[in-house]
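What follows is a single structure, written as structure tokens, with notes after it.
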Amino acid sequence: MKTNFLFASILMAILISGISGLFIIDNAFAQNPSDDDSDNTEKQKEIEQKKAERQQQFEEKQKEIEQKKAERQQQFEEKQKEIEQKKAELEIHRENFEEKQLKKLNEYQEKLKEIKAKLQAKMEKNISDDKLSQKSKIIEEKLTKSSEEIQLKLAAKADKLDLRTRNILDSINDGDYMGEKITPDNYSETYELVFDSVDASLINDNSKISSLIGKMTFTTYDKSSTDLKLELNECQITIDKIIFNCGFGKARSVSSGTTEIKDSLVILAFLEDNALEEVHTTLKIFLNSDTPINEIEQSKVSILEPQSKISGLWFLNGTATLSKITPTLENISSDDK
């Protein structure tokens with residue numbers, strides 16, 4: 001009887017212990033899911049926070065980019081306004097310059113018309129038809145002035161000349177105007193450029209075209225096997241009834257292409273208006289030949305536009321004849337006398 005009771009007590013203890021263990025295990029399993037959910041919530045919050053921070057950084061960067069873009073656009077618009085303003089100012093300056101040049105040209109024309117009208121009236125009144133031709137020739141000779149005469153006149157009023165002209169006169173007086181000689185020999189050759197068919201189109205109005213007539217004479221300053229440098233002696237040029245003389249000038253041979261053949265001549269001269277007796281503009285002629293310039297005896301040459309021009313007034317284009325005149329024994333004898 002005691003044995004059965006003891007056995008029953010042990011069995012009861014085992015059952016109670018098992019039930020308690022199951023309860024503890026159930027509690028343990030019941031607590032673990034709750035801990036996992038808490039961890040997941042924290043991680044989710046952290047992820048959301050980082051996502052929000054990245055979104056904020058992105059938005060701030062986007063705002064910065066938009067701000068810089070707006071600044072660059074504003075700078076571009078300001079620069080564009082500045083360019084447009086400068087263009088407008090340049091256009092105004094150009095129009096004013098053209099207006100002044102046209103006004104000056106009109107003054108020259110009116111002055112020349114007045115002089116010619118007075119001269120014509122006086123000649124028609126006082127001389128016969130036979131004497132008229134002789135008188136005109138004398139007047140024409142008086143109008144043609146040598147370069148030396150013009151230079152002397154300019155030197156007398158040097159203080160009234162512009163800086164460019166004064167510097168050139170100083171260079172002429174110092175012997176620097178023509179530059180250094182390449183060869184030591186002296187030459188007595190003379191070159192003559194006669195304008196055969198040259199058109200002058202008004203720079204401010206290319207629809208107005210006049211003819212250029214006249215000639216230029218040069219002496220050889222320096223000469224080598226390929227190069228030629230000339231010094232201007234005198235010239236007389238008439239355009240649209242306005243007569244010009246050359247105060248000073250020079251010319252040099254150049255190559256017109258990629259070869260070393262000097263088949264072109266660049267001429268620079270400073271012109272005096274006979275009517276106003278004023279050195280006021282520059283003549284530039286760029287002429288081209290089919291043969292080297294230093295080999296020319298007599299040849300037709302082309303005067304090219306727009307390189308050839310009377311600055312501020314006319315563009316020149318057409319043909320001329322360039323001739324080399326070598327003194328003969330007869331000329332030398334005449335000079336000696």
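Residue by residue, here is whether (1) β-branched (Val, Ile, Thr); (2) more than 20 Å from Thr321 (Cα to Cα); (3) surrounded by fewer than 20 Cβ atoms within 10 Å (Cβ to Cβ) holds:
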| residue | (1), (2), (3) |
| --- | --- |
| Leu232 | no, no, no |
| Ile237 | yes, no, no |
| Thr258 | yes, yes, yes |
| Thr281 | yes, yes, yes |
Q: Identify, from the list Asn96, Asn40, the residue that is farther than 30 Å from Asp205 by Cβ and either modelled with pLDDT of 70 or more or over 36 Å from the mean Cα position of the chain (by Cα) (or both).
A: Asn40
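Conditions (1) at pLDDT below 90; (2) out of contact with any Leu (no Cβ under 7 Å at 6 or more places or on another chain), marked per residue:
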{"site": "Lys241", "(1), (2)": "yes, no"}
{"site": "Phe244", "(1), (2)": "yes, no"}
{"site": "Ser255", "(1), (2)": "no, yes"}
{"site": "Thr258", "(1), (2)": "yes, yes"}
{"site": "Leu271", "(1), (2)": "yes, no"}
{"site": "Ala275", "(1), (2)": "yes, no"}
{"site": "Thr281", "(1), (2)": "yes, no"}
{"site": "Leu287", "(1), (2)": "no, no"}
Q) Right, Tyr191: assigned by TED's automatic domain parsing to the domain that holds Ala320, within 27 Å of Ser302 (Cβ to Cβ) and modelled with pLDDT under 70 or not? A) no
Q. Touching a residue at least 24 places away in the same chain (Cβ under 8 Å) and within 16 Å of Gly318 (Cα to Cα) - does that describe any residue in the stretch 243-257?
A. no
Q) Within the stretch 206-215, restricting attention to residues that are within 29 Å of the chain's Cα centre (by Cα) and at pLDDT 85 or above, which residue is surrounded by the fewest Cβ atoms within 10 Å (Cβ to Cβ)? A) Ser207
Q: For residues that are of a type in the set (Gly, Ala, Ser) and outside any loop (DSSP other than H, G, I, E, B), scanning just the stretch 224-251, find the one that is farthest from the chain's Cα centre (by Cα).
A: Gly247
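The values are calculated or read from the model by the stated rules, or taken from the named source; none is laboratory data. This is a predicted model, so every value here is computed, not measured. Counting neighbours? That spans all protein chains shown, and the Cβs are built from the backbone with ideal geometry, glycine included.
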